[in-house]
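Working notes, structure below.
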């Protein structure tokens, strides 16, 4: 009985409209995020773009994507590279790959001098690093 009231094509059309609305909200969020995070725009420039996109959302978002779409992509790539480098640095620090053997020996000597490790442990670790 419900199939006659709400046909299958109408269901597909409703799903299409719903997902289109979700994508539209996502585009607006990305535009507003880029406006506020852009280091190459001043405060007045950001305020003008914000007002334009806020009061004329369709026109403002499309103009922003046309005018500053390349910059949005550059900001996204730069942020991804910074996150990647931070992750790689964290992995290097966590894995103990702290650089050259001289750096590792200096850290070991500091630990031995502060009494964190014994002289015997220092000699064993020194042999591992050098050998």
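The values are calculated or read from the model by the stated rules, or taken from the named source; none is laboratory data. Every value quoted in this text rests on a predicted model; they were computed, and no experiment measured them. Counting neighbours? That spans all protein chains shown, and the Cβs are built from the backbone with ideal geometry, glycine included.
Let's see how each residue does on (1) out of contact with any helix residue (DSSP H, G or I) (no Cβ under 6 Å at 6 or more places or on another chain); (2) modelled with pLDDT of 95 or more:
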{"residue": "23", "(1), (2)": "yes, yes"}
{"residue": "30", "(1), (2)": "yes, no"}
{"residue": "39", "(1), (2)": "yes, no"}
{"residue": "49", "(1), (2)": "no, no"}
{"residue": "53", "(1), (2)": "no, no"}
{"residue": "56", "(1), (2)": "yes, no"}
{"residue": "61", "(1), (2)": "no, no"}
{"residue": "64", "(1), (2)": "no, no"}
message = So, residue 86, is that one surrounded by fewer than 11 Cβ atoms within 10 Å (Cβ to Cβ), more than 18 Å from residue 32 (Cα to Cα) and modelled with pLDDT of 90 or more or not?
response = yes
key: Residue list for the stretch 55-68, filter: loosely packed, with under 12 Cβ neighbours inside 10 Å and over 24 Å from the mean Cα position of the chain (by Cα)   = 55, 58, 59
query = Being closer than 21 Å to residue 39 by Cα and within 36 Å of the chain's Cα centre (by Cα), is that true of even one residue in the stretch 99-116?
reply = no
